[in-house]
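A quick write-up on the structure given underneath.
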Amino acid sequence: MVLGPKLLLKLVKAKKLVENLSDRELNNPEGAGFDLRLGEVYKIKGNAFLGETHRKTADIALIKVYKKDKSIKIKPGDFFLVKTIESVNMPQNLTASITPRSTTYRSGLFIRTGNVPPGYCGGLIFGLKNEGPITVEIEMGARFVHIQFSEVKGGGSMYRGQWQGGRVTARKKE
């Protein structure tokens, strides 16, 4: 069952379910969740390793930040890691799913998202690639993804992974 905005806003106020929501989302959310905004953009470089028991993610360089930079132009083929302005504090009984806003894919931008598990706290990081034939300019702070929350029934465990707190990459092999 997807939770509606009235209940979500109560959880935002009482439990800080989502922090740094825009005034629009706090006063007049649309749909069955909240729109989240573009806060940081990172370029990846170097090498990555995904092993059976260890991994090392690529090195990153922060290239754009909300309130410091106006926008970013994303050329065809460009790939970035992007982080939301908002952060979440997931309780044990909720999970969240992220979907791109339709304007992104209508412009050729594809956003790779994941599930937000119970117990995760921090900013949300996604992959963003321009798979279209045109350059797309997106303002920092623009709404670009939508988050929906669902109840976890039948038990679930709290997230204890390496990405807790919203870090974007690992500094060494883990």
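The values are calculated or read from the model by the stated rules, or taken from the named source; none is laboratory data. All figures in this text were calculated on a predicted structure; none of them were measured in a lab. Just so you know, the surface numbers come from the protein's heavy atoms only, side chains and all, with ligands and any DNA or RNA stripped out. Shrake-Rupley method; radii C 1.70, N 1.55, O 1.52, S 1.80 Å.
Step through the residues of segment 33-42 one at a time and calculate ³J(HN,Hα) from phi using the Karplus curve (6.51 cos²θ - 1.76 cosθ + 1.60, θ = phi - 60°), rounding each to whole Hz and writing x for Gly and Pro.
Couplings: x, 10, 7, 10, 10, 6, x, 9, 10, 10 Hz.
Can you sort Ser22, Ser97 by solvent-accessible area, 1.4 Å probe, largest first?
Ser97, Ser22
Build a GNM of the chain with springs between Cα atoms under 10 Å: which of Asp23, Asp59, Asp69 gets the top mean-square fluctuation?
Asp23
Tell me, what % of the accessible area of the chain is carbon and sulfur with a 1.4 angstrom probe?
Taking all protein chains in place, the chain shows 50 percent carbon and sulfur surface.
Fully extended, how many nm does the chain gain between Lys16 and Asn28 (0.36 nm per residue separation, minus their Cα-Cα distance)?
Extending this stretch completely gives an extra 2.6 nm.
Work out from phi, with θ = phi - 60° and the Karplus expression 6.51 cos²θ - 1.76 cosθ + 1.60, the ³J(HN,Hα) of each residue of segment 146-153, listed in order in whole Hz, and give x for Gly and Pro.
Computed from phi, the couplings for segment 146-153 are 10, 10, 10, 10, 10, 7, 9, 10 Hz.
Give the long-range amide H neighbours of Arg112: residues separated by 5 or more places, or on another chain, with amide H under 5 Å away, using H modelled in the peptide plane at 1.01 Å from N.
Gly127, Leu128, Lys129
Lysines near Lys15 by alpha-carbon distance under 19 Å, same-chain residues fewer than 8 away left out - which ones?
Answer for Lys15, where 19 Å is the Cα cut-off: Lys6, listed by chain and number.
Above 21 angstrom, tally the Cα pairs of the chain and express them as a % of all pairs, no decimals.
In whole percent, the share of Cα-Cα pairs in the chain beyond 21 Å is 51.
Largest first and in whole Å, what are the equivalent-ellipsoid semi-axes of segment 75-130 based on the Cα gyration tensor, each being the root of 5 times an eigenvalue?
Output for segment 75-130: semi-axes of 25, 11, 8 Å.
So how do Lys15, Lys68, Lys129 rank on accessible area, 1.4 Å probe, biggest first, that is with the largest at the start?
Ranked list, largest accessible area first: Lys68, Lys15, Lys129.
Once fully extended, how much extra length lies between Glu151 and Lys75, figured as 0.36 nm per residue of separation less the alpha-carbon to alpha-carbon distance?
Answer, rounded to one decimal: 23.5 nm.
Considering lysine pairs in segment 19-174 that are 8 or more places apart or on different chains, how many have Cα atoms under 12 Å apart?
Lysine pairs meeting both conditions in segment 19-174 amount to 9.
Counting pairs of alpha carbon atoms under 8 Å apart in space and at least six apart in sequence, what relative contact order in percent does the chain give?
29 percent
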